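Below you'll find the structure, written out as structure tokens, and then a few comments.
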Amino acid sequence: MPAYAVHVELRNHPTSEQYVQLHDAMERLGFDRTIVGWGQVKYQLPTAEYYIISDYTPEALTILVYNAAELIDPECAVLTIEVNNIWWNGLIKA
């Protein structure tokens, strides 16, 4: 199954409560806010970044996430990227 990284941008001066709502909505959709590295160590993704392994197409995932985020911020934006390799530096251990 393909893996995806999804970024959700809340606009209009989002509040911390809106981010809590977004995190909850994304969790219900099956997304993670962490990523697993070498030695099975989990790392926290940046705010509004999510990860999922799914049979959905990138288009379907984008629509699914947009529909959930739009309930929180009607002017949201969603970026979905299919990934083969993910590299990072400076992420905090979860």
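Of note:
- Cut-off 14 Å between beta-carbons: net charge of the residues surrounding His23, Lys and Arg +1, Asp and Glu -1: -4
- Per residue of the chain, the DSSP helices (runs of n ≥ 4 H) give a summed -39500 (n - 2.57) that works out to -9000 deg cm²/dmol at 222 nm.
- Folded to 0 to 90 degrees: helix 16-28 orientation relative to the chain principal axis, Cα: 60 degrees
- Of all accessible heavy-atom area on the chain, the percent that carbon and sulfur account for (1.4 Å): 53 percent
- Cα gyration tensor category, rounded, prolate or oblate, for the chain with a/c compared to 1.5: oblate
- With a Förster radius of 22 Å applied to the C-beta separation of Ser16 and Ser54, the computed FRET efficiency comes to 0.20.
- Normalised by the number of residues in the stretch 28-69, the mean separation of alpha-carbon contacts (under 8 Å, six or more apart) gives a relative contact order of 32 percent.
- With protein chains left intact and a 1.4 Å probe, residues in the stretch 40-94 average 69 Å² of accessible area per residue.
- Mean Cα-pair separation over length for the chain, i.e. relative contact order, pairs under 8 Å, 6 or more apart, %: 46 percent
- Cα gyration tensor shape of the stretch 1-54, rounded if a/c is under 1.5, else prolate or oblate by comparing a/b with b/c: prolate
The values are calculated or read from the model by the stated rules, or taken from the named source; none is laboratory data. Everything numeric here is computed off the predicted structure, so don't read it as measured data. Positions of Cβ are backbone-derived with ideal geometry, glycine not excepted, and every protein chain shown enters the neighbour counts. Side chains included, ligands, DNA and RNA excluded: accessible areas come from the protein's heavy atoms. Shrake-Rupley method; radii C 1.70, N 1.55, O 1.52, S 1.80 Å.
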